[in-house]
Amino acid sequence: MHTNKLHCPTLNCPPSKKYFKRGHFYVKRINRYYRKFQCPNCKKIFSHRTFKLDRYHKKRDLNLQLAQLLTEGVTLRGASRILKLSYSNTYKKFIWLQKWTKLKMQQIDLPSKKLQIDEMETIHHTKCKPLSICLVVNEKHQLVSVNVAEIPAKGLLASISRAKYGIRKNNRMEIIQETLTQAAFRTKNSAVLIESDAATTYRGFIQKILGNIMYQCHQRKKNPKVRELLFTTTEKRQFDPLFAVNHQCARLRSQIKRLARRSWCTTKKVENLQAHLDLFLIMQPGLNDGNKKGLL
């Protein structure tokens, strides 16, 4: 008999305090034995692996490696070559990682005193279909929340985009509101200051969602043009008050291949870009490091 905290996977099965031991099964790839149990009521046989999210995976040891590769500037096809998998299996694992990411997003707790919000732009397969990425970063340079919005093309590409793809929806305002709401929830409303650039969009949403938090707007100063000399500097660099969020934007450009400029790797589905950003948020250093191997 076994008295650990187990429960029968069968629906509507009455709980039992004891379950019978019914041998083991061996997983050769990870060199590990799993004990099997039997429910005394419905005679269902199960194990601890039954309740894992990756219970049907034959190569579960590659899940963590794939997540690390995708957040270190490697493409899906490049990861498939490194892990010696087919592209279809690698893509299926990436889709499965979305389930794991959604589960881990519910456990995020990032108490912060200072937040910074900004936006960056990327494309949906073509420059005629631009996307806006809204992100919030805390004083420890940790990504707190990030979301993708569809926006219409601007400038000379606006007429080409309308003629080829029709009128694109603009849900940028809803995404900014959703990003701030997520940031307030994950920081438990512990922030006392939030900073942004000179965009006038944020002030109303910040007052509505974050309440009486202090808001500081930084305007970019127009530096005089100075001729750059080779191996010498003629002017000392000034401190960037939004360095945390700008540094995080640079990390996203570098470590997510689909966000890199002048790249063949572009986003084909907006939901996959959102999943990739969520995976980057979960895999960032200092966040849930102890639980990554336990679930993957």
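Out of Ser254, Ser263, I need the residue that is modelled with pLDDT of 90 or more, out of contact with any Cys (no Cβ under 9 Å at 6 or more places or on another chain) and exposed (fewer than 14 other Cβ atoms within 10 Å of the Cβ). Which one? It would help to see each step written out before you state the result.
Working: Ser263 fails: modelled with pLDDT of 90 or more.
Only one candidate qualifies: Ser254.
Is there a residue being modelled with pLDDT of 90 or more, crowded, with 17+ Cβ neighbours inside 10 Å and of a type outside the set (Asp, Glu) anywhere in segment 210-219?
No.
Condition test on Gly73, is it at positive phi, under 28 Å from the mean Cα position of the chain (by Cα) and not in a strand (DSSP E or B)? Break it down into steps so the answer makes sense when it comes.
Details: at positive phi: yes; under 28 Å from the mean Cα position of the chain (by Cα): yes; not in a strand (DSSP E or B): yes.
Yes, satisfied.
Please determine whether any residue of segment 83-98 is buried (at least 17 other Cβ atoms within 10 Å of the Cβ) and among the small types (Gly, Ala, Ser).
Looking for residues that are buried (at least 17 other Cβ atoms within 10 Å of the Cβ) and among the small types (Gly, Ala, Ser), one finds none in segment 83-98, hence no.
Just to be sure I understand the filter: pairs with C-beta atoms under 6 Å, separated by 6 or more residues or on different chains, first member in segment 165-181 and over 17 Å from Val270 (Cβ atoms), second member aromatic (Phe, Trp, Tyr) and in a helix (DSSP H, G or I). Which pairs pass?
Partner pairs satisfying both residue conditions: Gln177/Phe205; Leu180/Phe205.
The values are calculated or read from the model by the stated rules, or taken from the named source; none is laboratory data. These figures come from a predicted structure and were not determined experimentally. No Cβ is skipped: glycine too gets one built from the backbone with ideal geometry, and neighbour counts run over all protein chains shown.
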